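Chemist: Take this structure first; my questions come after.
The values are calculated or read from the model by the stated rules, or taken from the named source; none is laboratory data. The model shown is predicted, which means the values in this text are computed figures rather than measured ones. All Cβ positions, even for glycine, are placed from backbone atoms using ideal geometry, and neighbour counts span all protein chains on display.
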Amino acid sequence: MKTLRNLEKFILLCLCFMLLNSCSKDDDNSSSSSDPCANITCVNGTCVNGVCDCDEGYTGADCSEVDDPCATITCVNGTCVNGVCDCDEGYKGADCSDQITPTKIKITGVKVTAFPSTKSSGSNWDSFDGPDIYFEIYNGTTELYSSGYLEDADATQDYTFTVSSIDITDVTAEHTIYLYDYDSGLGDDYMGGYYFTPYSGSTNGFPTSVSIGSSSDVLFELTYSYVW
Ligand SMILES: [Ca+2]
Ligand SMILES: [Ca+2]
């Protein structure tokens, strides 16, 4: 009987020990999983459930990288500032790819780079020397500009006219540019002319130099500046 009691005590003790041991193991397990942020370092942020919640301006798993809001932004004609495109003059749209139609185009230079050396009949523009060239620009039937003439021009040379500024306000309207030979007291000779639309399109990139005409006929090179 006594032996049996001792055995019972021993078994009980064993059970208790096993129970305690198992409990303490559970405690160990629960303590290691209770703080998911225990081993997480957030350089510029706060750990939440084991993941770094970065402060504004930082990114990356540990918030150590500077977050560039412009990293994925492309500004076609502009500069990204804080994730938003700041468009160059004359452009609009989220990525600055849309052109703004100018309110005015200023022609600040006119160069004649070609004209026929003779009249179509083969005779000289002037009997004894070269033609005295000048140009005119029209908007429809309205004369916008008539230049002074450059004397005795040579068809193998380029001629630059000095103009302060010829303002074109009807930029999408069809204009005309003509070249003439000035003849004192006589009717001036028409040398050639071409239609042109000063602002030809919404994707032309605002060229500052525009060629009008043909190198086998009369050819003008206009210098533009744009006003919006
Ligand atoms: Ca002449
Ligand atoms: Ca003449």
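Chemist: When the residues of segment 84-105 are narrowed to those that are of a type in the set (S, T, N, Q) and either at pLDDT below 95 or part of a loop (DSSP other than H, G, I, E, B) (or both), which ends up farthest from the chain's Cα centre (by Cα)?
Modeler: So, considering only residues that are of a type in the set (S, T, N, Q) and either at pLDDT below 95 or part of a loop (DSSP other than H, G, I, E, B) (or both), the one farthest from the chain's Cα centre (by Cα) is 103.
Chemist: Within segment 136-191, track down each residue that is buried (at least 16 other Cβ atoms within 10 Å of the Cβ), more than 16 Å from ligand 1 (Cβ to nearest atom) and of a type in the set (A, V, I, L, M).
Modeler: 137, 144, 163, 166, 168, 171, 177
Chemist: A further question on this structure: Which ones in segment 120-135 are within 13 Å of ligand 1 (Cβ to nearest atom) and under 13 Å from residue 179 (Cα atoms)?
Modeler: Within segment 120-135, 125, 131, 132, 133, 134 meet the criteria.
Chemist: Going through segment 106-154 one residue at a time, which ones are among the β-branched types (Val, Ile, Thr), assigned to a strand (DSSP E or B) and under 28 Å from residue 172 (Cβ atoms)?
Modeler: Hits for segment 106-154 are 107, 108, 110, 112, 113, 137, 142.
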